[in-house]
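The structure appears below as structure tokens.
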Amino acid sequence: MTVPPPRRSRRWIGFFVVLVLLSAAAIVLNLAYNLSIQLRPEQLSDSRRRWQENKPHDYDLKYLVEVTRGTETEPEKNACLVKVRGGRVVLVVDNDTVVYLEPSLAVVAGPAPLSVSSEDPGRYGVAALFEQIETALRQDETTGRRNFATAKFDAKDGHPFHYVRRVRGTKDRVEWNVKLTRVE
């Protein structure tokens with residue numbers, strides 16, 4: 001009687017099939033998550049509407065902007081303080097340098113001569129942040145690029161408190177961390 005050759009186990013095939021399926025599931029879940037957190041124009045307009053309805057007249061805005069461009073390894077950091085009183089920007093301090101001071105406040109600044117900048121105060125404040133986000137979204141739409149952009153907005157008044165935009169295919173990245181303090 002002849003003994004048949006031993007059968008080769010093919011269980012290893014099942015292992016690799018499961019491995020391929022789990023890898024595909026991980027890729028799909030990651031893609032779905034990243035697409036779900038992408039900033040959409042409707043989110044921006046809803047937050048802007050909430051801001052128009054609930055914005056405080058007096059607030060201090062502190063934000064840190066980190067910008068990474070192309071070949072840079074370290075992000076360029078920019079700290080900004082904006083004081084809004086009565087709905088108008090009255091003071092802007094950019095990296096410890098006063099770039100705007102409302103002329104009526106320059107008189108009470110003290111005996112030391114303080115130059116009043118011709119900087120446009122409209123470039124600062126929450127409305128300006130909304131404008132910058134909208135400009136970036138429109139730019140992405142017109143160029144047809146799918147750049148990564150995400151933002152988190154305050155549930156009550158709608159101001160942005162975190163924003164990230166990364167240009168696809170480059171190392172260009174902008175991140176804002178914003179803190180708004182209401183002044184009573």
Legend entry - Using a Förster distance of 41 Å, the FRET efficiency for residue 16-residue 172 (Cβ separation, nearest 0.05): 0.55
Legend entry - Cα-based Rg and Dmax for the chain, where Dmax is the largest Cα-Cα distance (Å): 25.9, 115
Legend entry - Pairs of lysine residues in the chain - Cα separation under 21 Å, sequence separation of 8 or more or cross-chain: 16
Inset, instruction - List 153, 148 from most exposed to least, where exposure is judged by having the fewest other Cβ atoms within 10 Å. - result: 148, 153
Inset, instruction - Note down the magnitude of the dipole of the chain about its Cα centre, charges +1 on Lys and Arg C-beta and -1 on Asp and Glu C-beta and zero elsewhere, to the nearest 20 debye. - result: 1420
Legend entry - Derived scalar couplings ³J(HN,Hα) [the range 165-181; Karplus, 6.51 cos²θ - 1.76 cosθ + 1.60; whole Hz; x for Gly, Pro]: 9, 10, 7, 4, x, 10, 9, 5, 8, 10, 9, 10, 10, 10, 10, 10, 10
Inset, instruction - Can you tell me the order of 131-139, 157-165, 26-34 when each peptide is scored by its average per-residue count of other Cβ atoms within 10 angstrom, highest first? - result: 157-165, 131-139, 26-34
Legend entry - In sequence order, calculated HN-Hα J values of the range 8-25 (Karplus, 6.51, -1.76, 1.60; Hz; x Gly/Pro): 7, 6, 10, 5, 5, 5, x, 4, 6, 5, 4, 4, 5, 5, 5, 5, 5, 5
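Read-outs: derived from the displayed coordinates by stated rules, not from any lab. Everything numeric here is computed off the predicted structure, so don't read it as measured data. Here Cβ is always computed from backbone atoms with ideal geometry, including for glycine, and neighbour counts include all displayed protein chains.
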